[in-house]
Amino acid sequence: MGNTLQEENKETEEKIIQKLVNEYSQESFISLNAEEEKKKRLKIASIAGAVFLLISFIVYYEWNFVRMKTEIQEKDSRLDELEQNITTLLMQEEEQEDEILKLKSNFSRTVPDRDLKAEVEENINTLKKSSEKFIGKNFSRGNTNFKEIALTFDLSTGDELVTVYDLIRKYDIRTTLFLSNEKPSDSFGSLIFPANVAYVKKFIALGDQVEFGNHTWSHFNHHRSLRERSLRKRLILDKVSDRVLDFPYMAEELFKVEQRFKLISGGRQLSKIYRLPYGSFNQVILNSYAKLGYQKHIFWSSNVVGSLDLPDYINKPFVTRTDKLTGLVENVKNPFYKTSSEIRNMLFNWEKKDPHGMNGAIILMHLGTVRKFDKLITVLPEFVETMQKKGYKFVTVSEVLNDKED
């Protein structure tokens with residue numbers, strides 16, 4: 001009987017153990033399934049995340065690609081337009097020179113032409129060698145980190161001096177005026193004409209609101225004056241120097257403006273910044289002027305919308321053109337002529353389209369041109385007022401180029 005009881009107890013223990021094993025196995029199975037489910041969900045989540053990131057990358061890439069493609073197309077379109085405009089401008093320049101040569105044909109016949117190739121090439125080589133240790137820089141835009149605009153003016157005949165003077169006082173802006181006599185003469189010109197001198201003195205009296213830069217004395221096209229080989233063209237064309245533009249001649253072009261300004265201002269010095277007429281320069285010219293202490297040549301800003309060299313010197317809405325194939329003369333729209341309304345819209349669109357807005361922009365206008373109607377300078381009050389409301393400051397060129405907010 002004792003054996004029977006022991007067997008029953010043993011059987012009971014085995015059942016209990018078996019039950020515990022079954023329960024444990026079931027729990028382990030459930031736990032294992034839960035773990036597998038968890039891993040499965042994590043795997044699905046990881047795959048979903050990767051797919052999402054991949055789709056996001058593809059969408060961003062496609063968007064960026066489309067944006068870049070659009071920008072490239074806009075730039076290509078702008079380059080095509082600029083190329084057409086440059087071609088038209090060169091044609092107009094050739095036609096104008098032909099007209100000048102015809103008008104001065106009697107004088108032209110009395111001037112024996114001579115090829116100055118040897119003198120020109122020797123002078124260029126001399127300039128290169130003498131200025132090789134100096135690096136001149138061209139600046140077409142200032143610091144884009146600050147909402148500052150440089151509104152600059154080149155002195156031409158001086159007609160708009162009063163307009164700009166009133167603008168400065170009314171809107172409390174700062175500006176830069178580049179001075180030139182516009183003539184090689186020592187007895188007459190923009191910096192000698194009494195009315196201009198009187199207004200330059202008024203600008204000087206405004207103190208640091210006006211910065212004065214150098215625009216050369218004679219207003220020659222430097223690149224052309226450096227390379228022109230025809231003696232006859234040099235003597236007939238006003239924008240080309242009569243003699244080869246060597247280093248002493250170049251130095252004189254800046255020195256005479258400095259001396260005249262010093263006399264007008266009672267001893268004040270020009271800023272060591274300059275702008276060459278017609279925006280015509282090359283690295284040899286920049287380096288040569290850097291040797292004279294003028295390391296900063298000031299150009300103007302451009303973007304896909306257009307150039308901020310506002311075409312206030314273009315006065316003909318239409319021009320005549322002779323078809324070289326048919327010989328017929330036709331009137332065509334001048335691609336360079338812009339109305340004041342067109343310039344107003346261009347300026348606001350320029351700021352809207354540029355990635356930096358008008359931060360650091362350098363604008364060029366001229367004080368006195370052959371244009372007498374619908375003058376572009378009339379857009380400035382609205383432009384200045386609108387930009388000031390947007391938080392922009394109008395500063396001098398030196399201020400727009402520096403590394404601080406003025």
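What follows is calculated from the coordinates using simple rules that are stated; it is not laboratory data. Keep in mind that this is a model prediction, so the values were computed, not measured. All Cβ positions, even for glycine, are placed from backbone atoms using ideal geometry, and neighbour counts span all protein chains on display.
Quick notes
- Cross-link check: pairs LYS147/LYS353; LYS256/LYS291; LYS201/LYS338 evaluated at a Cα-Cα cut-off of 22 Å; pairs beyond the cut-off: LYS201/LYS338.
- Counting lysine pairs in region 367-406 that sit 8 or more residues apart in sequence, or on different chains, and whose Cα atoms lie under 29 Å apart gives 6.
- The loop-placed chymotrypsin sites (Phe, Trp or Tyr not before Pro) in region 315-344, going by DSSP, include none that has at most 10 neighbouring Cβ atoms within 10 Å of its Cβ.
- Shape call, region 267-397: gyration tensor on alpha carbons, a/c limit 1.5: oblate
- Of the GluC sites (Glu not before Pro) found in region 123-179, those that fall in a DSSP loop while having at most 14 other beta-carbon atoms within 10 Å are GLU132.
- Each of SER280, SER190, LEU310 was placed along the dipole of region 104-401 (beta-carbon charges, centred on the mean Cα), and the one lying farthest toward the positive end is SER280.
- Rounded FRET efficiency, nearest 0.05, which uses the C-beta distance separating LYS389 from ARG229 and R0 of 45 Å: 0.25
- Region 173-322 shape via C-alpha gyration tensor axes, a/c threshold 1.5: rounded
- Bridges between two residues of region 104-401, per DSSP, are antiparallel at a rate of about 20%.
- Added length on full extension, which subtracts the Cα-Cα distance from 0.36 nm per residue, GLU382 to PHE134: 85.1 nm
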